[in-house]
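The values are calculated or read from the model by the stated rules, or taken from the named source; none is laboratory data. These numbers come from a predicted model, not from an experiment. Here the Cβ positions follow ideal geometry from the backbone for every residue, glycine too, while neighbour counts run over all protein chains shown.
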Amino acid sequence: MQRIILFFFFSFFILSSQATIGQALITGTIIDSESKESLIGASVVSGENGTISDYLGNFTLETLDEKDGISFSYVGYKDLKFSIAEFLALEGVPIEMSLSTSILETAVITGSRYESKLAESPVSINVINAEIISNTNAQNIDLVLDKIPGVQMLDGQANIRGGSGFSYGAGSRVLLLVDDIPALQGDAGRPNWGDIPVENISQVEIVKGASSSLYGSAALNGIINIRTGYATSDPVTKIITSYVGYLSPKDELKKWWDKMPSEKSVSILHKQKRGKLDMVFNGYYSNLDNFYKNSFEKKNRVSANLRYRITDRTTIGLNSMFNRSDAADFFLWENGVSGAYKELPGSLSERINTRYYIDPYFTHHDSKGNHHKVLSRYYYINNDNNNNQANSSKNYYGEYQFLRKFVNTGVNLTSGVSLYHIQTDSELFSNLNINSSAYATYVQADKKFNNVLALTVGWRVESNVLRGPENFPDAIDLDGQTIETNSVFRAGLNLELSPYTFARASYGEGYRFPTITEKYIRTTFSGLSIFPNPNLESETGNNIELGIRQGFSIAGYEGYFDFASFWSRYKNMTDFSFVEKDEGVGFQAQNIGDTDIKGFEVFVGGRSELFSVPLTISGGYTYIDPTYDDFNEIIQQSSSSSENILKYRSKHNFKIDVEGSYKNFALGTAFNSTSHMIAIDALLSSFATIGDFRSFDNDGYRTLDIRTSYSKHHFKLSLLIQNVLNEQYTVRPGLLEAPRNFGVRLETSL
């Protein structure tokens, strides 16, 4: 309660200090120098007075003294400054601002819900731009995320800095957002990566560390925010076709195919402005004849984003997506030798997935500089699986956001309320009607002192209600209803020690409410079961991070170095554990007690020139030490290792990506080195020769990818080879990753 009172006192003190004195009025318009698009929310300051540009880039400012001049700033752009006389001499000509070439100036939004500079963030954030996605020929965005230091994709779930283990598609600790709206499947709490419009991504932001104060449950370990692209002044139409062929594995005994497995895909993207209406349409089709025997996937996805400007200050929009796929895959291999790409008998799952969402939204900038935003989503999911594993759910989301920039005092205020409701009726839950709701309110204030010290404080209260079946077997709460309210807090600071040196410190609390799947799933495959746990409790945690970002320019190399040390603690941590019960053996979500993860991360990113060849370099190393607070006898017996280490984690991870270009040609390479996964469930180790495979595959794995491209006018041809070393490795036990493969991609702009 004391920290809440201090927070509101701090906010009131800052907000009450805003100046309103002024004499002369000046007006103007601010636009992007290349696209000629209006820049919304650009800061305009003269002396002690300031304002921000509206939806059309227009501004009106009161000036006190001509000697003060007038300055313009916008996140991600180069600052401009004029004397009052110089500005008046422009005679109504728009102020054109140019994008900054500095990586530290990159604009990010996820940490505070308004755009801010990457360098000034109090937490670790990595950014993926559209060019990287294009260069790697990614069919799903999770393949690109796996190239980010400190991020590991484990069976479709994102694991940031060891915060998650193996969860078999349920209960993510990393929240997935698409344009600021939660996009996890509600009943399972898992991401559906195939729903993400890869062909229309403008930027991906990865926030590392607890982020529940702004985003609630499931943001316990971090956030992945997908930001899609909008229409531009000139119409854009792109057609992308690609082919990927999978070659023979290093061990010929593992090869079962005569005809080379392959994946063919085509996507189209069209963006256009027509009057006050912005339109984006995109579609995607792929046909995967998998290197896993009897596995395949045919996918059809279409999306449409519409935005209409009712007035200069008011906008409405509707984003939508429809995805239908026909697929089959398996959970465990037959064995680790000749059957590594074949399914364990009975583990093949066939399904037809139908998913769509509709996202109406509304934004309004009022005359006082307040920004109001209403976001909503209806997300329908139907997974028609065999083996009594079908599930469907309806997800409803609504949120009101209030944002205000106080230019004179350097305060940015973010606040809002949200509602999330899930309904499900599935074979996985014994055809029981189950629903869950979450209600939340939050507030965050960001203040800059003397233009060098940025302080962030935030607070959130969220209530979760889960209405399950009454008298469920083994349930303590016989009425089937769980009601829980959590309060979380965050604070952070960023200190600019010099123009290119930024020190930061942050503390964030998080929590995660159990998903419907974790509490009530019941299914069987390959002689294995997944057991319900109706008594599963929420997990909570906190994260402390100290870091420094250092920009530099050395021998033509311009970039930044980032070092972060972190310490995450979790209470009542939830893991999918391999257990033995009277009904058989299998997985069950369990609270495994309190855990502790310490570590550090080093990241380097930037641009250079080598013999007049431009180079882009990014990469880093992450070390984690994930342990149990109480490594008792029960936990020791359940683990395949006698070492006190959390299961399904790798301590060391190094990744680097380098690309150079010369005239119309580009050449790039990516390398990933991940250490051995020391501990898994002891019982799982005895299945399907998993333990035998791990006994000789015990030094981790190293993968190397190379790519080259040729661009001219309106087309780009790319050639890619992935897993050049033809490494035979598993990311999670019982599933061998792809052998060496090559890809061809053609991108044409009309």
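Taking the options SER325, SER338, name whichever one is assigned by TED's automatic domain parsing to the domain that holds SER685 and in contact with a Ser or Thr (Cβ under 9 Å, 6 or more places away or on another chain).
When all the criteria are applied, what remains is SER325.
Enumerate the strands (runs of 3 or more DSSP E) found wholly within the range 131-197, keeping only those where 3 or more residues are under 20 Å from THR730 (Cβ atoms) and under 13 Å from the mean Cα position of the chain (by Cα).
On the way: elements: 151-154, 157-160, 174-178.
Passing ranges, in order: 151-154, 157-160.
Among the residues of the range 727-740, is there at least one that is under 28 Å from the mean Cα position of the chain (by Cα), farther than 30 Å from GLY605 by Cβ and not in a loop (DSSP other than H, G, I, E, B)?
Looking for residues that are under 28 Å from the mean Cα position of the chain (by Cα), farther than 30 Å from GLY605 by Cβ and not in a loop (DSSP other than H, G, I, E, B), one finds at least one in the range 727-740, hence yes.
Based on what the data block shows, is GLY346 farther than 30 Å from THR60 by Cβ and crowded, with 16+ Cβ neighbours inside 10 Å?
Working: farther than 30 Å from THR60 by Cβ: yes; crowded, with 16+ Cβ neighbours inside 10 Å: no.
Judged against the criteria, GLY346 is not a match.
Examine the range 704-714 for a residue that is in the same structural domain as GLN636 (by TED's automatic domain parsing) and assigned to a loop (DSSP other than H, G, I, E, B), and state whether such a residue exists. First the steps, then the outcome.
First, the residues of the range 704-714 that are in the same structural domain as GLN636 (by TED's automatic domain parsing): 704-714.
Those left that are additionally assigned to a loop (DSSP other than H, G, I, E, B): 713-714.
Yes, the range 704-714 contains a residue that is in the same structural domain as GLN636 (by TED's automatic domain parsing) and assigned to a loop (DSSP other than H, G, I, E, B).
Buried (at least 22 other Cβ atoms within 10 Å of the Cβ) and of a type outside the set (D, E, K, R): which single residue out of ILE181, ILE226, ILE239 fits that description?
Values: ILE181 fails: buried (at least 22 other Cβ atoms within 10 Å of the Cβ); ILE239 fails: buried (at least 22 other Cβ atoms within 10 Å of the Cβ).
Result of the check over ILE181, ILE226, ILE239: ILE226.
What pairs come up if the first residue lies in the range 338-356 and is on the phi > 0 side of the Ramachandran plot, the second is surrounded by fewer than 18 Cβ atoms within 10 Å (Cβ to Cβ) and part of a loop (DSSP other than H, G, I, E, B), and their beta carbons are under 7 Å apart, counting only those six or more places apart or on different chains?
Sorted first by the residue in the range 338-356, then by its partner, the pairs are GLY346/GLY527.
Residues checked against (1) farther than 20 Å from ASP562 by Cα; (2) touching a residue at least 24 places away in the same chain (Cβ under 8 Å):
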{"site": "GLU609", "(1), (2)": "yes, yes"}
{"site": "ILE617", "(1), (2)": "no, yes"}
{"site": "ASP629", "(1), (2)": "yes, yes"}
{"site": "SER642", "(1), (2)": "yes, no"}
{"site": "SER650", "(1), (2)": "yes, yes"}
{"site": "SER673", "(1), (2)": "no, yes"}
{"site": "PHE687", "(1), (2)": "yes, yes"}
{"site": "ILE690", "(1), (2)": "yes, yes"}
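Could you list, in sequence order, all residues of the range 647-682 that are over 30 Å from GLN637 (Cβ atoms), of a type in the set (S, T, N, Q) and not in a strand (DSSP E or B)?
Of all residues in the range 647-682, those over 30 Å from GLN637 (Cβ atoms) come to 654-673.
Then keep just the ones that are of a type in the set (S, T, N, Q); that gives 661, 664, 669, 672-673.
Listed by number, the list holds a single entry, ASN664.
Sort out which residues of the range 583-608 are surrounded by fewer than 18 Cβ atoms within 10 Å (Cβ to Cβ), within 17 Å of PHE513 (Cα to Cα) and touching a Lys or Arg at 6+ places or on another chain (Cβ under 8 Å), and write them in order of number.
ASP594
Go over the candidates VAL280, VAL266 one by one and state the one that is in a strand (DSSP E or B) and in contact (Cβ under 8 Å) with a residue 60 or more places away in the chain. Don't jump to the end; show me each part of the working.
Details: VAL266 fails: in contact (Cβ under 8 Å) with a residue 60 or more places away in the chain.
VAL280 is the lone residue from the list that is in a strand (DSSP E or B) and in contact (Cβ under 8 Å) with a residue 60 or more places away in the chain.
Taking interchain pairs and intrachain pairs at least six residues apart, which have beta carbon atoms under 6 angstrom, with the first residue in the range 415-430 and in contact (Cβ under 8 Å) with a residue 40 or more places away in the chain and the second outside any strand (DSSP E or B) and of a type in the set (Ser, Thr, Tyr)?
Within 6 Å, the pairs are PHE429/TYR520.
Which of the following residues is buried (at least 16 other Cβ atoms within 10 Å of the Cβ), in a strand (DSSP E or B) and at pLDDT below 95: THR409, THR363? Step through it out loud before you land on a result.
Numbers: THR409 fails: in a strand (DSSP E or B).
THR363 is the lone residue from the list that is buried (at least 16 other Cβ atoms within 10 Å of the Cβ), in a strand (DSSP E or B) and at pLDDT below 95.
Looking at TYR400, TYR378 in this structure, which one is free of Cβ contacts under 8 Å to residues at least 24 places away in the same chain and either buried (at least 19 other Cβ atoms within 10 Å of the Cβ) or under 26 Å from the mean Cα position of the chain (by Cα) (or both)? Working first, answer last.
Working: TYR400 fails: free of Cβ contacts under 8 Å to residues at least 24 places away in the same chain.
Selected residue: TYR378, the only one of TYR400, TYR378 that is free of Cβ contacts under 8 Å to residues at least 24 places away in the same chain and either buried (at least 19 other Cβ atoms within 10 Å of the Cβ) or under 26 Å from the mean Cα position of the chain (by Cα) (or both).
Does the range 631-644 contain at least one residue that is in a helix (DSSP H, G or I) and surrounded by 18 or more Cβ atoms within 10 Å (Cβ to Cβ)? Spell out the reasoning first.
Filtering the range 631-644 down to residues in a helix (DSSP H, G or I) leaves 633-638.
Add one more test, that the residue is surrounded by 18 or more Cβ atoms within 10 Å (Cβ to Cβ), and what stays is 638.
Yes: one or more hits.
Can you name the number of the only condition in (1) modelled with pLDDT under 75; (2) in a strand (DSSP E or B) that LYS81 fails?
So the condition that LYS81 fails would be (1).
Answer with yes or no whether TYR341 is over 30 Å from MET279 (Cα atoms) and not aliphatic (A, V, I, L, M). It would help to see each step written out before you state the result.
Details: over 30 Å from MET279 (Cα atoms): yes; not aliphatic (A, V, I, L, M): yes.
In short, yes.
Pick from ILE645, ILE624: which is in the same structural domain as GLY209 (by TED's automatic domain parsing), closer than 30 Å to PHE525 by Cβ and among the β-branched types (Val, Ile, Thr)? I'd like the intermediate steps shown before the answer.
On the way: ILE624 fails: closer than 30 Å to PHE525 by Cβ.
Testing whether each residue is in the same structural domain as GLY209 (by TED's automatic domain parsing), closer than 30 Å to PHE525 by Cβ and among the β-branched types (Val, Ile, Thr) leaves just ILE645.
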